[in-house]
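Participant: Here it is: the structure, laid out below.
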Amino acid sequence: MKYEIGITLALIFTAGLLIWMIPKISFAKDGIIDLAVPLMITEVRDICQIIAADGTTVVESYDDFADALMAVENRQIIRLLDNIDYDSAIVIKNKSIKFDLNGYTLNIEVNYLDALVVDGGELLLDNSGGGELNVKGGISSYGYGAHVYNGGKVTVTNASTNGSGTGVYATNGAKVYVCGNVRGGGTGVYADTSAQVTIDGTVTATCGEYVYITVGGVKKYQGGHELISEKNGYFEYRSASSTVWVKDV
């Protein structure tokens with residue numbers, strides 16, 4: 001009986017020793033097991049989740065923002081769980097989605113063309129808990145921070161470009177609201193064919209002709225606003241059927 005107990009204890013001790021050693025095993029380049037180097041285990045964290053249209057039900061959580069963009073459906077919400085830097089364009093066509101920033105920052109910055117494209121769709125923004133959505137276009141003269149058209153609607157925090165392009169480019173009935181600032185290259189904001197753009201911060205053009213705003217095909221510089229504005233507290237830049245409002249800060 002004592003002999004059996006001794007064997008059992010020895011087996012338990014050996015199993016425990018092996019379990020303790022497993023995290024310390026790794027393979028050297030020549031295939032020899034090295035017991036002195038611990039295995040590195042990387043924790044995968046979710047950075048966002050899709051919320052159903054009811055605003056509460058979690059549909060799925062993601063550790064890759066691109067996967068969430070591919071999966072999100074009309075009227076659903078992408079809620080951030082961490083700060084995200086994303087280097088590809090976001091394209092929304094004929095559907096409405098919302099970004100719940102949840103206190104985090106989402107930076108969209110691309111190398112060449114547009115950072116955010118909304119064609120007939122809608123991008124809503126919930127920043128009630130803080131956070132920012134910043135879009136920055138690429139180095140091309142056709143690189144726009146936010147490119148919105150065909151009745152698309154967009155809200156972002158800041159819109160800019162890395163090159164000679166335009167911070168906000170809105171046409172064909174688009175409506176764009178920028179909570180912060182717009183910075184373009186040759187032109188800060190371009191609005192045409194019944195587009196409307198509202199900016200609560202500043203507008204800056206940094207190169208070329210330094211055109212503050214082009215509205216209805218007419219170049220407007222900072223002092224070229226209308227004497228009377230339809231929006232109280234905003235300077236109004238208008239031509240033909242398009243209008244840009246910049247807050248009097």
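Read the figures in this text as sums done on the coordinates, not as results from a lab. Not measured: the values here are computed from a predicted model. As a convention, Cβ positions derive from the backbone with ideal geometry for all residues, glycine included, and neighbour counts pool all protein chains shown.
Participant: Have a look at the DSSP beta bridges in region 194-249 and tell me what percent are antiparallel, nearest 5. Write down the numbers at each step before the final one.
Facilitator: Numbers: 9 of 13 bridges.
Around 70 percent of the beta bridges assigned by DSSP in region 194-249 are antiparallel ones.
Participant: Continuing with the same structure: Do any GluC sites (Glu not before Pro) in region 48-118 lie in a loop, going by DSSP, with at most 13 other beta-carbon atoms within 10 Å of their beta carbon, and if so which?
Facilitator: Values: sites: Glu60, Glu73, Glu109; in loops: Glu73.
Passing both the DSSP loop test and the Cβ count: Glu73.
Participant: Please list, ordered by chain and number, the residues whose modelled amide H lies under 5 Å from the amide H of Ile92; skip anything fewer than 5 residues away on the same chain.
Facilitator: Under 5 Å from the amide H of Ile92 lie the amide H atoms of Val117, Val118, Asp119, each far enough along the sequence or on another chain.
Participant: Sticking with this structure for a sec: Taking amide H positions as placed 1.01 Å from N in the peptide plane, with prolines and chain starts having none, which residues 5 or more places from Lys219, or on another chain, fall under 5 Å of its amide H?
Facilitator: none
Participant: Let me ask another. What does the charge add up to near Asn102, with Lys and Arg as +1, Asp and Glu as -1, over the other residues with Cβ less than 14 Å from its Cβ? Could you put the intermediate results ahead of the total?
Facilitator: Working: positive: Arg79, Lys98; negative: Asp46, Asp82, Asp100, Asp126, Glu132.
Local charge sum for Asn102: -3.
Participant: I've got another one for you. Would you pull out the residues with amide H under 5 Å of Cys48's amide H, same chain only if 5 or more places away, H placed 1.01 Å from N?
Facilitator: Tyr62, Leu81
Participant: Residue separation times 0.36 nm, minus the C-alpha to C-alpha distance between Asp82 and Tyr177: what's the value? Intermediate values should be presented prior to the final figure.
Facilitator: On the way: separation 95, 0.36 × 95 = 34.20 nm, distance 2.40 nm.
Separation in residues times 0.36 nm, less the Cα-Cα distance, equals 31.8 nm.
Participant: For Gly217, what is the net charge nearby, where nearby means another residue's Cβ is under 14 Å from its Cβ and Lys, Arg count +1, Asp, Glu -1?
Facilitator: So the surrounding residues net to +2.
Participant: If you don't mind, another one. Ordered by residue, what ³J(HN,Hα) values in Hz, to whole numbers, does region 182-195 give under the Karplus form 6.51 cos²θ - 1.76 cosθ + 1.60, where θ = phi - 60° and Gly and Pro are x?
Facilitator: My calculation for region 182-195 gives 10, 10, x, x, x, 9, x, 10, 10, 9, 8, 6, 6, 7 Hz in order.
Participant: A follow-up question, please. Would you mind calculating the gained length between Asp119 and Arg45 on full extension (0.36 nm times residue separation, minus the Cα-Cα distance), in nm to one decimal?
Facilitator: Values: separation 74, 0.36 × 74 = 26.64 nm, distance 3.21 nm.
Gain on stretching Asp119 to Arg45: 23.4 nm.
Participant: Using the Karplus curve 6.51 cos²θ - 1.76 cosθ + 1.60 with θ = phi - 60°, what ³J(HN,Hα) values do you get for each residue of region 217-223, in whole Hz, with x for Gly and Pro?
Facilitator: x, 10, 6, 10, 9, 3, x
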